[in-house]
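**Q** Below are the structure tokens for one structure; questions will follow.
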Amino acid sequence: MVALLSFAATAMYGRPVELQAAGQRVTVEFFTPTIVHIVKAPVGHDYAKEGLVVIATPDEVSVRQQANTVSSDALSVSVDARTGAVTFRAKGRTLLREKAASAFEPRTEGPDAGAFRVTQTFLLDKDEAIYGLGTIQNGKMNRRGEHKLMEQSNLEDFQNVLQSIKGWGLYWDNYSRTQFDDDAAAGMSFSSEVGHCVDYYFMYGGSADGVIAQMRHLTGDVPMFPLWTYGYWQCKERYKSARELLSVVDKYRQLHVPLDGIIQDWQYWGSNYLWNAMDFLTEDYANGQQMIGQVHQKNAHFMISIWASFGPMTKAYRQLDEKGLLFDFDTWPQSGLTFWPPRRDYPSGVRVYDAFSQQARDIYWQNLKTLFDKGTDAWWMDSTDPDFFDAKDSHYDHRAGDHGGTWRSLRNAFPLATVRGVYEAQRKESQQKRVFIMTRSAFAGQQHYGSGLWSGDVASSWDMLRKQIPAGLSYSLTGCPNFNTDIGGFFCGSYNTRGAGSAPRNPQFQELYVRWMQYALFCPVFRSHGADAPREIWQFGQKDEPVYDAIEQTIRLRYRLIPYLYSTAWQVTSAGGSYLRPLFADFAADRRTWEMTDEFMFGQSILAAPIVDPQYTQEKIVREDAMTGWNRKNNDDSESASASVDWTATKTATNYLPKGADWYDFWTGRRLRGGQSVSLTTSLNRVPMFVRAGSIIPLAPEMEYVGQLSWDNLELRVYPGADAHATLYEDEGDNYNYEQGVYATIPIHWNDRTRTLTIGQQQGRYPGMLQQRRFTVVLPDATTQVVDYSGQPVSVKL
């Protein structure tokens with residue numbers, strides 16, 4: 001039977017309810033009327049858990065208990081009196097139910113003795129689609145039938161967040177390696193290597209956006225990135241001197257091709273003994289501070305590669321080693337392989353630091369502050385998985401953190417811990433420069449710490465490009481919105497068929513690179529990077545050549561879209577929004593959207609349909625190691641079939657437009673009915689994109705860097721067919737004053753019945769805000785009207 005341990009009767013506010021069933025203690029605690037925390041442990045098992053992800057505290061929620069059912073006004077939770085299995089219901093509808101009691105398999109040896117392997121199985125509807133978990137690189141959206149050992153790696157990262165097409169979500173709050181399985185007969189299960197309890201949060205958001213908002217409520221909102229980060233970033237593996245890096249910025253300026261960020265990859269510190277020394281220690285970077293200053297003088301910004309590991313000759317290594325704050329496993333660069341000449345007075349291995357220790361995080365920042373003080377604008381935190389080679393079970397026994405944990409019990413939360421450490425330290429250091437971190441790995445809640453994930457060292461192949469779309473969407477569905485990839489893929493060596501670095505003149509790689517860039521156009525961070533060949537625009541040709549022009553036009557379109565993108569960023573920060581949104585987020589009633597992996601919503605209004613199959617050349621087959629990305633081989637030498645390409649030829653593409661809205665072709669203004677597949681004429685320089693009827697898209701003038709031109713003459717593209725509302729967001733661009741209300745918004749509304757556009761009263765203020773401006777209103781049929789605006793409401797009929 002169920003034993004009531006507290007509150008046997010009716011209404012209560014904000015207090016957990018404890019029940020007993022099947023030898024287990026079940027705690028039910030409402031955080032909000034639609035978020036409930038479930039914790040289960042064997043009766044009599046006492047423990048203390050260090051929570052790393054959830055930062056919210058329970059609201060004062062009015063709940064009612066009747067026997068074994070605890071209910072808010074929106075959600076009921078029932079515990080089976082015989083098995084302890086939990087069932088979640090809303091409005092009389094069963095949302096999710098556990099199959100049986102939780103399983104606790106005791107751990108009897110090693111430092112995790114006394115804990116358990118913890119498992120919980122759930123039952124899903126037969127045709128219920130589920131999404132999320134992380135950036136699984138298998139090209140799928142729906143996680144039904146998935147079997148995956150979730151452990152952070154180069155190419156795949158896991159957040160333990162799942163959501164259903166039925167509108168519920170679940171966050172499994174465990175940081176050890178976890179086996180996820182879904183089987184039609186056995187059910188859906190999470191099974192974690194180490195835990196003292198089954199611990200998860202059930203969220204009923206009613207939609208994909210609703211679940212994302214609830215996950216942010218639990219784990220923290222998304223701070224604004226600097227405005228300039230939404231421009232174009234150039235990088236490669238690697239620039240080898242300050243002169244080379246500065247020359248790249250100079251050439252972009254000479255060509256008048258937009259650029260806002262330049263990135264310095266690894267080894268600016270010198271030898272691997274000095275790995276990640278966090279300073280410029282070679283003659284090629286004799287004055288790193290001066291180099292960064294010159295980047296700023298050229299109206300660009302500087303990001304630098306930093307790692308979660310240190311070489312034995314670095315100051316940080318010595319400081320951490322003295323305090324026992326280094327892990328003892330093989331990481332990149334691997335010991336014995338890359339240390340030359342050998343030094344008997346120093347160990348030959350790089351070691352990862354214990355990011356779970358506050359003392360270790362403090363030491364990390366003390367060393368990193370050298371680069372911050374020299375003017376670095378952004379951090380590229382590489383290998384935050386971290387790289388973990390030749391893993392042995394004994395490695396997982398290593399003590400970690402400040403509360404008696406082990407590498408086994410905390411493994412998957414490492415990226416969260418190291419990123420959080422840098423974010424919190426920089427916030428304490430300065431409120432004038434927004435934290436911008438790009439990281440190779442992520443756990444749940446990481447969106448709260450100024451970071452975005454890139455998808456790792458992916459191979460340069462059409463197959464891998466296709467996989468990036470569902471990977472990014474899946475990541476967004478866990479509540480983490482900032483996703484990007486290496487444009488063109490990291491490893492392009494198989495295209496160097498005419499010598500080292502020749503890939504950018506190989507037609508096969510040229511087409512892949514252009515289409516990848518057109519996908520990246522819609523990602524929050526727009527960044528070119530890779531090994532084996534340089535990626536700067538001039539490597540692909542020159543102006544008035546089709547490939548070069550296609551790249552340049554894509555970059556220019558990105559800059560035109562920045563007002564839309566930055567206003568979307570404000571919705572991400574203030575209203576739980578997302579940049580990359582699966583079609584079912586808005587069109588769940590259209591079952592064709594449930595499995596779509598090649599189209600998505602970019603913000604609320606734009607449907608992106610990047611071309612992910614070759615149209616001009618033959619596809620090259622490239623095989624890569626799915627877990628590290630480094631072991632790849634080319635099994636094809638088909639460039640000769642593409643040696644002569646007519647890049648000016650038009651092609652066709654077929655796209656599906658979801659049912660429930662009408663759509664406009666972005667390029668032609670042609671209106672199209674939803675719920676059908678349409679065939680479009682395409683070209684190399686255009687990515688298929690559509691705008692939902694009932695949308696307003698603000699566009700900036702073309703510029704070479706963010707801030708070169710003010711937004712005093714924006715274009716407002718209005719797409720009739722339904723009422724529309726948009727909010728133009730503006731602030732100072734690169735500090736945290738917006739958190740204190742120092743920003744401005746302009747509401748814009750389209751009344752479709754009266755065909756009237758109203759630009760409403762400007763709300764808020766910030767230093768440097770425009771007092772007078774002009775909007776050029778454009779309809780799909782090219783009807784144009786200029787509107788002068790001074791912050792007061794103005795309407796125009798079109």
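The values are calculated or read from the model by the stated rules, or taken from the named source; none is laboratory data. In this text the structure is predicted, and so the values were computed from the model without any measurement. Don't worry about glycine lacking a Cβ; one is built from the backbone with ideal geometry, like all the others, and counts go over all protein chains shown. Quick note on the areas: whole protein, heavy atoms, side chains included, nothing else; ligands and nucleic acids left out. Shrake-Rupley method; radii C 1.70, N 1.55, O 1.52, S 1.80 Å.
**Q** Do you know which residues across segment 354-392 are closer than 29 Å to Glu156 by Cβ, polar (S, T, N, Q), open to solvent by less than 20 Å² (accessible area, probe 1.4 Å) and over 24 Å from the mean Cα position of the chain (by Cα)?
**A** Answer for segment 354-392, where residues must be closer than 29 Å to Glu156 by Cβ, polar (S, T, N, Q), open to solvent by less than 20 Å² (accessible area, probe 1.4 Å) and over 24 Å from the mean Cα position of the chain (by Cα): just Ser357.
**Q** Just checking, does segment 69-78 include any residue being surrounded by 20 or more Cβ atoms within 10 Å (Cβ to Cβ), within 25 Å of Asp182 (Cβ to Cβ) and in contact with a Gly (Cβ under 8 Å, 6 or more places away or on another chain)?
**A** No: zero hits.
**Q** Any idea which residue in segment 483-510 is farthest from Ile611 (Cα to Cα), counting only those that are crowded, with 24+ Cβ neighbours inside 10 Å and among the hydroxyl-bearing types (Ser, Thr, Tyr)?
**A** Checked segment 483-510; the qualifying residue farthest from Ile611 (Cα to Cα) is Ser494.
**Q** Let me ask you something else. Within segment 278-289, which residues are more than 16 Å from Asp377 (Cα to Cα) and either in contact with a strand residue (DSSP E or B) (Cβ under 7 Å, 6 or more places away or on another chain) or assigned to a loop (DSSP other than H, G, I, E, B) (or both)?
**A** Residues satisfying the conditions are Leu281, Thr282, Ala286, Asn287.
**Q** Counting residues that are in contact (Cβ under 8 Å) with a residue 24 or more places away in the chain, more than 30 Å from Glu511 (Cβ to Cβ) and not small (Gly, Ala, Ser), which strands (runs of 3 or more DSSP E) fully inside segment 656-763 reach at least 3?
**A** Of the strands (runs of 3 or more DSSP E) lying wholly inside segment 656-763, those with at least 3 residues that are in contact (Cβ under 8 Å) with a residue 24 or more places away in the chain, more than 30 Å from Glu511 (Cβ to Cβ) and not small (Gly, Ala, Ser) span 713-719, 724-730, 744-751, 756-759.
**Q** Being touching a Ser or Thr at 6+ places or on another chain (Cβ under 6 Å) and open to solvent by less than 10 Å² (accessible area, probe 1.4 Å) is the filter here; which residues of segment 195-211 pass it?
**A** Selection gives Val198 alone.
**Q** How many residues are touching a residue at least 24 places away in the same chain (Cβ under 8 Å), in a strand (DSSP E or B) and among the polar types (S, T, N, Q) when one looks only at segment 26-65?
**A** 3
**Q** Here's a follow-up. Provide a single number: the residues in segment 651-700 that are β-branched (Val, Ile, Thr) and touching a Pro at 6+ places or on another chain (Cβ under 8 Å).
**A** 2
**Q** Please determine whether any residue of segment 751-759 is at pLDDT 95 or above, on the phi > 0 side of the Ramachandran plot and hydrophobic (A, V, I, L, M, F, W, C).
**A** Checked against the condition, which is being at pLDDT 95 or above, on the phi > 0 side of the Ramachandran plot and hydrophobic (A, V, I, L, M, F, W, C), segment 751-759 yields no hits at all.
Every residue, every condition in (1) of a type in the set (Val, Ile, Thr); (2) in contact with a strand residue (DSSP E or B) (Cβ under 6 Å, 6 or more places away or on another chain); (3) on the phi < 0 side of the Ramachandran plot, yes or no:
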site	(1), (2), (3)
Glu18	no, yes, yes
Val28	yes, yes, yes
Val54	yes, no, yes
Arg82	no, no, yes
Arg89	no, yes, yes
Glu109	no, no, yes
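**Q** Another one. Could you tell me whether any residue of segment 556-573 is touching a residue at least 40 places away in the same chain (Cβ under 8 Å), assigned to a strand (DSSP E or B), on the phi < 0 side of the Ramachandran plot and of a type in the set (Lys, Arg)?
**A** No.
**Q** If you don't mind, another one. From the list Ala425, Ala417, Ala471, pick out the single residue that is touching a residue at least 60 places away in the same chain (Cβ under 8 Å) and surrounded by fewer than 24 Cβ atoms within 10 Å (Cβ to Cβ).
**A** Every option except Ala425 fails the conditions.
**Q** Please go through segment 783-798 and give me each residue that is open to solvent by 70 Å² or more (accessible area, probe 1.4 Å) and small (Gly, Ala, Ser), ordered by number.
**A** Residue satisfying the conditions is Ser795 alone.
**Q** Just checking: which of the helices (runs of 4 or more DSSP H) contained wholly in segment 371-488 hold 2 or more residues that are touching a Gly at 6+ places or on another chain (Cβ under 7 Å)?
**A** So the answer is 414-429, 462-476.
**Q** Mind counting the residues in segment 674-726 that are touching a Ser or Thr at 6+ places or on another chain (Cβ under 6 Å), over 23 Å from Gly660 (Cα atoms) and open to solvent by 40 Å² or more (accessible area, probe 1.4 Å)?
**A** Here the count works out to 1.
**Q** I'd like to verify a number: residues in segment 168-193 that are hydrophobic (A, V, I, L, M, F, W, C), open to solvent by 10 Å² or more (accessible area, probe 1.4 Å) and touching a residue at least 12 places away in the same chain (Cβ under 8 Å), how many?
**A** Selection size over segment 168-193: 2.
**Q** Now, a different point. Go through segment 69-82 and give me each residue that's part of a loop (DSSP other than H, G, I, E, B), modelled with pLDDT of 95 or more and over 36 Å from the mean Cα position of the chain (by Cα).
**A** Of everything in segment 69-82, just one residue is part of a loop (DSSP other than H, G, I, E, B), modelled with pLDDT of 95 or more and over 36 Å from the mean Cα position of the chain (by Cα), namely Asp80.
**Q** Of all residues in segment 290-306 being open to solvent by less than 10 Å² (accessible area, probe 1.4 Å) and in a strand (DSSP E or B), which is nearest to Asp354 (Cα to Cα)?
**A** Step by step, filter segment 290-306, then rank; the result is Ile306.
**Q** In the set Lys140, Lys148, which member is at pLDDT 95 or above, outside any strand (DSSP E or B) and within 26 Å of Ser461 (Cα to Cα)?
**A** Lys140
**Q** Take the residues of segment 763-775 that are open to solvent by less than 30 Å² (accessible area, probe 1.4 Å) and under 34 Å from the mean Cα position of the chain (by Cα): which is nearest to Phe666 (Cα to Cα)?
**A** My answer is Phe775.
**Q** So, one more: Looking at segment 249-261, which of the residues that are among the aliphatic types (A, V, I, L, M) and farther than 11 Å from Lys298 by Cα is least open to solvent (accessible area, probe 1.4 Å)?
**A** Val257
**Q** Tell me, yes or no, whether segment 258-270 has at least one residue that is in a helix (DSSP H, G or I) and within 31 Å of the chain's Cα centre (by Cα).
**A** Scanning segment 258-270 turns up no residue that is in a helix (DSSP H, G or I) and within 31 Å of the chain's Cα centre (by Cα).
**Q** Now a separate question. Looking at this structure, is Tyr766 outside any strand (DSSP E or B), hydroxyl-bearing (Ser, Thr, Tyr) and either farther than 17 Å from Gln792 by Cα or touching a Leu at 6+ places or on another chain (Cβ under 6 Å) (or both)?
**A** Judged against the criteria, Tyr766 is not a match.
**Q** Could I ask something else about it? Being without any contact (Cβ under 8 Å) to a residue 40 or more places away in the chain and either among the β-branched types (Val, Ile, Thr) or within 25 Å of Ser455 (Cα to Cα) (or both), is that true of even one residue in segment 208-223?
**A** Checked segment 208-223: no residue is without any contact (Cβ under 8 Å) to a residue 40 or more places away in the chain and either among the β-branched types (Val, Ile, Thr) or within 25 Å of Ser455 (Cα to Cα) (or both).
**Q** Next up: Between a first residue in segment 509-525 that is touching a residue at least 12 places away in the same chain (Cβ under 8 Å) and small (Gly, Ala, Ser) and a second residue that is part of a loop (DSSP other than H, G, I, E, B) and surrounded by 24 or more Cβ atoms within 10 Å (Cβ to Cβ), which pairs have beta carbons less than 7 Å apart while being 6 or more apart in sequence or on different chains?
**A** Ala520/Thr485
**Q** Quick one: count up the residues across segment 96-114 that are crowded, with 19+ Cβ neighbours inside 10 Å and part of a strand (DSSP E or B).
**A** Total satisfying the criteria: 3.
**Q** When you check Trp538 against the structure, is it in a helix (DSSP H, G or I), touching a Lys or Arg at 6+ places or on another chain (Cβ under 7 Å) and either open to solvent by 10 Å² or more (accessible area, probe 1.4 Å) or more than 23 Å from Leu680 (Cα to Cα) (or both), yes or no?
**A** yes
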